[in-house]
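Reviewing the structure listed below.
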Amino acid sequence: MVKIFDNFLDEKSHQNLYNEFLGPGFDWHLGLNGVAGQEDKDSLDHYLFCNVLYTNMIAVHESFYKLAPILNNKKLNMLSLIRVKANLYPRTSDIVKHGIHIDLPFGCSTCIYYVNSNNGYTEFEDGTRVESKANRLITFDSKYKHFGTTCTNERVRCMINFNYFSIDRKDWHSNFEPRSVGLIPDG
């Protein structure tokens with residue numbers, strides 16, 4: 001199930017993120033293969049610009065700290081972050097659908113924050129389609145198959161993807177097996 005939150009942030013917080021990610025100072029990295037595992041060598045339009053902001057329990061980009069209004073929002077009930085990645089798709093002449101995929105193969109949550117409005121969208125395996133609308137945030141199970149698209153009516157389509165463990169999920173602990181780490185001696 002996809003939950004949609006429009007006007008997720010107050011206008012000032014949204015504008016700060018818009019300026020951060022679509023301003024001249026943000027460093028984007030070219031990804032020529034689009035979605036990992038979904039390489040399409042026949043299409044010149046299957047690429048994006050991205051930047052990982054948080055991974056392996058480390059903030060790896062200073063822009064991560066600008067995301068505090070999202071990270072601290074109680075609607076998400078974040079328990080622990082796994083990864084945060086900013087994506088930017090340049091405009092194409094026709095809408096290009098990228099490969100269907102899951103974000104992570106274990107019990108966690110995904111949210112996507114849409115930085116700008118455009119006619120691109122995120123579509124799910126069941127046909128649910130969420131339009132890219134500035135300051136919209138969606139949440140869903142990370143194992144829910146989906147794909148993103150480019151846009152044709154703006155220069156770029158920009159969004160920020162978060163993968164995280166949520167307090168709401170009852171299965172997050174099943175990702176970990178108990179093991180002895182040697183802190184308490186047997187006996």
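The values are calculated or read from the model by the stated rules, or taken from the named source; none is laboratory data. Note that the coordinates shown come from a computational prediction; the quantities given were computed from them, not determined experimentally. So basically every Cβ, Gly included, is an ideal-geometry build from the backbone, and we count neighbours across all protein chains shown.
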Only one residue in Asn87, Asn72 is surrounded by fewer than 15 Cβ atoms within 10 Å (Cβ to Cβ) and farther than 17 Å from Asp6 by Cβ. Which one?
-> Asn72
Count of residues meeting criterion [in contact (Cβ under 8 Å) with a residue 60 or more places away in the chain, of a type outside the set (Asp, Glu) and in a loop (DSSP other than H, G, I, E, B)] in the stretch 92-133 = 11
Could you check, for the stretch 64-83, whether at least one of its residues is in a strand (DSSP E or B), in contact (Cβ under 8 Å) with a residue 60 or more places away in the chain, under 21 Å from Glu11 (Cβ atoms) and under 15 Å from the mean Cα position of the chain (by Cα)?
-> no
Failed condition for His98, given (1) touching a helix residue (DSSP H, G or I) at 6+ places or on another chain (Cβ under 8 Å); (2) surrounded by 17 or more Cβ atoms within 10 Å (Cβ to Cβ); (3) modelled with pLDDT under 95, with all others met?
-> (1)
Here are some residues: Asn135, Asn153, Asn161. Which one is over 13 Å from the mean Cα position of the chain (by Cα), at pLDDT 95 or above and either on the phi > 0 side of the Ramachandran plot or surrounded by 15 or more Cβ atoms within 10 Å (Cβ to Cβ) (or both)?
-> Asn135
